[in-house]
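Take a look at the structure below.
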Amino acid sequence: MFEVDAIQATDLGERVAAQLRRLIISGSIAPGTRLVEQSLSDMFDVSRGPIRDALKTLQTEGLVDTRRRAIYVIGLDDRRISELYSVRHALESLALREAVARVGAAGWGDFQQPLLEMRASADRTDPESFAVADLEFHSRFYEAADNRLLSTMWNQIRPTFVVLLQITNARDADLHPAAESHAVILERAGEGDADAALRELTVHLDDARQRLIEAHREVLQRAEAAR
C-alpha cells in the first residue's frame, strides 16, 4: 500500500489529484490498478466528492481511464511521454512565435524572475523548486502570446510535466546547464528572432524529452522492485 499525506481543508479535489498524479507517474500505483472511490476516500480522509473531482482531473490528463464503470490507472510509458512532448512542442512553438510577434525585441522582463529562480534552485540543488520555476518560465510564453486557447491546452498538461520534471531533475547532478538553456531561448526571443528562438526551444525540448524518458524508466524500475 502506498502512503499519502494529510489533505488540507481547501481545494480538496486538487490536492487529492496532485498526490494521486505523483503516485501514478512515479509508478507507486501501478498501471492497471483499479481505483475505488470509497477506498480513496478512506485513505485521504475526505468525502467522495473531492475524490470524484480528482479522478475527473486525472482522466482529463490521460492518467486514468473508465472501463465498465470502473476507474483504472493508465500511467505513463516511453510512448506517452514522447507524445506529451510532441504536443507540448507544437503548442509552445506557436506560443513563442505569437509572443515574439506581440512583444518584439522588448518587454521580456517578466521572464527574468523564473530564470533567476531556476539559477537559485540550481545553486542549492533543489529539483522540485527548479521544476516549478522551469514551467513558470515556459508559461510566460503563453501569457505573452495572449492566446486563451493555447493557455488552456497548456494548463491541461502542465501538472503532469511538473511531476515529470521533478523526477528528471532529481537525477541531474548539476541543474545549471538546464537553467542556462532557458537563458539562450530568452536571449533569441529578446532579439526578436522567432526562428532562432524556436530552434533553441526545439533543442531544449528534445533534450528534455530524452532525459525524462530515461529518468522515468529508472523510477518505474525502482517502484516495481519495491512492490
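Rule-based calculations on the coordinates, nothing more; no lab input. These numbers come from a predicted model, not from an experiment. Every residue, glycine as well, gets a Cβ built from its backbone with ideal geometry; the counts of neighbours run over all protein chains shown.
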> From the list Ser39, Ser86, which one is closer than 30 Å to Ala189 by Cα and of a type in the set (Ser, Thr, Tyr)?
Replying inline: Ser86
> Taking helices (runs of 4 or more DSSP H) that do not extend beyond segment 1-108, which have at least 3 residues that are in contact (Cβ under 8 Å) with a residue 40 or more places away in the chain?
Replying inline: 12-25, 48-60, 78-103
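Pick out, from segment 112-195, the helices (runs of 4 or more DSSP H) lying fully within it that include 2 or more residues that are under 28 Å from Asp77 (Cβ atoms). Spell out how you get there, then give the answer.
Values: elements: 112-123, 127-145, 148-171, 176-190.
Ranges flagged: 127-145, 148-171, 176-190.
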> Is there a residue in segment 68-75 that is within 17 Å of Thr168 (Cα to Cα), surrounded by 13 or more Cβ atoms within 10 Å (Cβ to Cβ) and not aromatic (Phe, Trp, Tyr)?
Replying inline: yes
>> So Ala226 passes all but one of these: (1) among the aliphatic types (A, V, I, L, M); (2) within 17 Å of the chain's Cα centre (by Cα); (3) within 23 Å of Ser26 (Cα to Cα). Which condition number does it fail?
In response: (2)
